[in-house]
Amino acid sequence: MKLDTTGLESFASFHGEMDDLHGEFWAPPSFDLPVCADFDGFQKNAIQMVKPAKGTTTLAFVFKEGIIVAAESRTSMGGYVASQNVKKIVEINPYMIATVAGGAADCIFWHRNLGMKCRLYELENKRRISVAGASKLLTNMLYSYRGMGLSIGTMVAGCDEMGPSLYYVDSEGGRLKGSRFSVGSGSPYAYAVLDNGYRYDMPTGEAAELARRAIYHATFRDGASGGVAVVYHVGPDGWKKISGDDVRELHDKYYPAVQVPPEQEMMQVPPV
Amino acid sequence: MALSRDWMYENNGGTCVAIAGADYCVVAADTRLSIGYSIYTRDYSKICNLAEKCVLASSGFQGDIKALQKNLAARHLIYQHQHNKQMSCPAMAQLLSNTLYFKRFFPYYAFNVLGGLDNEGKGCVFTYDAVGSYERVGYSAQGSGSTLVMPILDNQLKTPSPLLLPARDAVTPLSEADAVDMVKDVFASATERDIYTGDKLEIVILNASGVRREFIDLRKD
């Protein structure tokens with residue numbers, strides 16, 4: 001199967017004249033593949049051994065004032081919490097953001113690659129790329145690697161000429177336009193809260209609070225989600241970070257501890 | 001899994017730790033190399049000086065690590081020829097991430113910690129997973145003893161998250177001497193409970209005046 005590595009040509013070498021230095025370091029980067037009989041088995045074992053960092057609850061929805069995008073900030077390597085402070089909302093350009101769910105390295109690498117392609121599009125066409133176009137570029141690249149074990153569940157959100165647009169893109173090659181998505185192991189919990197409280201004509205403050213609450217509930221019940229609940233708003237003027245709250249503090253805010261008066265008090269026994 | 005035509009990885013064990021300070025960076029690793037229950041050598045350095053202000057410590061499969069270090073050193077040499085200066089630590093961090101990701105389907109079995117000074121002279125530590133996901137942090141531990149070491153470092157050095165809004169002040173970091181003492185303590189504890197960590201501890205300290213190396217004995221059992 002011939003892999004489509006056109007996405008990697010943007011950083012190909014530019015030293016055409018230096019023939020004597022041709023070799024591994026000047027050639028455009030490409031993926032090394034293992035030479036073995038059972039590629040799938042090897043990938044399965046390698047991923048199990050290496051346990052790449054995975055990240056887990058993200059959500060986004062479209063409403064009257066634009067798009068709200070929210071995520072938590074924990075990555076886990078197997079059962080070990082690798083980090084509580086990872087950025088899962090990445091900025092592709094000043095008016096488009098994307099979320100990271102699934103393999104952290106996979107998402108960050110391909111989002112950076114997408115950012116480069118979007119910039120090249122802008123330079124070649126003298127106008128910004130649409131969200132539909134950007135998500136299509138990402139999908140086409142990921143489809144070439146379908147079945148090879150990439151784990152990416154991302155949402156691309158932005159405001160372009162068509163208004164606010166939200167696309168879900170995954171490593172199976174799927175691409176869906178929609179108005180409400182949640183991705184990751186904590187997504188069922190986030191969906192429950194999100195679907196319950198969603199109204200198209202919410203003001204921005206209420207929409208942000210709904211997103212924050214949904215992420216908090218996902219971190220409460222899903223062990224692989226936690227850390228800081230981050231909320232962004234994407235409007236016609238671009239994206240803006242609205243809040244970043246530690247979920248421990250959100251818990252105290254939503255469910256403050258109640259002092260229960262003791263039923264019986266222990267009395268100190270006087271020394272004999 | 002045993003070595004065969006289809007499986008060419010081994011785990012040589014070991015622990016690597018790095019702590020970043022206001023104007024220094026401490027990178028440390030033990031020097032034991034093991035395969036299974038055997039110790040092959042007590043004197044193997046897991047630390048590599050990639051650039052003037054940039055040091056890499058890696059644990060995992062030392063064969064892959066040797067290849068990775070050579071790859072990075074060669075790329076750094078080419079960079080120096082092209083740009084007439086040394087690579088900064090954040091630049092090297094991105095290079096390492098991309099180098100690891102380009103072996104996404106045949107990974108380097110290496111758990112890396114990159115430490116050094118950034119362009120402003122502040123300490124920086126970057127921590128990686130095996131396929132290139134990385135993050136700039138104030139401290140990190142990787143390797144077989146990392147799960148023993150990280151909780152202690154979290155307890156002593158944890159600062160409010162950079163993701164919080166409004167931003168919170170980071171706690172004043174340790175002095176260089178305190179950081180070195182903490183690293184020694186932490187390795188002494190890890191050596192007690194991890195069979196792959198021990199023998200000798202190599203500590204590399206980077207600051208404005210240059211690079212310094214110290215060796216401390218650890219338990220050899």
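Quick notes
- The residues B:40, B:101, when put in order of fewest to most other Cβ atoms within 10 Å, stand as B:40, B:101.
- Principal-axis tilt of helix A:39-50 within chain A, Cα atoms, nearest 10 degrees: 40
- Pairs from A:177/A:240; A:88/A:136; A:64/A:240; B:122/B:184; A:88/B:70 whose Cα-Cα separation, in the structure shown, is over 24 Å: A:88/B:70
- Exposure proxy ranking, count of Cβ atoms within 10 Å, fewest first, for A:144, B:144, B:58, B:38: B:38, A:144, B:144, B:58
- Across chain B, counting alpha-carbon atoms alone, Rg and Dmax equal 17.0, 54 Å.
- Counting, for every residue in B:3-11, the Cβ atoms of other protein chains within 10 Å of its Cβ and taking the mean gives 3.
- Value at 222 nm in deg cm²/dmol, rounded to 500, when DSSP H runs of n ≥ 4 in chain A each add -39,500 (n - 2.57): -10000 deg cm²/dmol
- Peptides B:132-140, A:238-246 ranked from most to least packed give B:132-140, A:238-246, packing being the mean of other C-beta atoms within 10 angstrom over each peptide's residues.
- Take each residue of peptide A:219-231, count the partner chain Cβ atoms within 10 Å of its Cβ, and average: the result is 1.
- Look at where the Cα atoms of segment A:89-129 and of segment B:125-183 average out, and the two centres are 29 Å apart.
- Helix axis angle, A:204-221 relative to chain A longest principal axis, alpha carbon, degrees: 80
- Sparse-neighbour loop sites [trypsin sites (Lys or Arg not before Pro); segment A:78-157; at most 10 other C-beta within 10 Å; DSSP]: A:126, A:127
- Prolate/oblate/rounded label for segment A:162-272 (Cα gyration tensor, a/c 1.5): prolate
- Packing-based order for A:168-180, A:73-85, using average beta carbon neighbours within 10 Å, highest first: A:73-85, A:168-180
- Part-to-part distance (alpha-carbon centres) for segment A:166-213 and segment A:134-162, which is given in Å: 17
- Taking a span of 24 Å or more along the helix axis (Cα atoms) and a mean Kyte-Doolittle hydropathy of at least -0.5 as the rule, the DSSP H helices of chain B that qualify are B:176-193.
- Average partner coverage of A:82-88, which counts Cβ from other chains inside 10 Å: 5
- Per-q log10 I(q)/I(0), the protein assembly as shown, q = 0.09 Å⁻¹ (Debye; single scatterer per alpha-carbon; no solvent): -0.68
- Put simply, the Cα atoms of segment B:93-213 extend 42, 41, 31 Å along their principal axes, the longest span coming first.
- Whole-Hz couplings from phi, Karplus 6.51/-1.76/1.60, listed for segment A:102-116; x for Gly and Pro: x, x, 5, 4, 4, 4, 5, 4, 6, 5, 5, 4, 4, x, 5
- Whole-Å semi-axes of the ellipsoid equivalent to segment A:64-179 (Cα gyration tensor, √5λ, descending): 24, 17, 13
Bear in mind that the values in this text are calculations on the coordinates, not laboratory data. Nothing here was measured: the structure is a model prediction, and the numbers come from that model. As a convention, Cβ positions derive from the backbone with ideal geometry for all residues, glycine included, and neighbour counts pool all protein chains shown.
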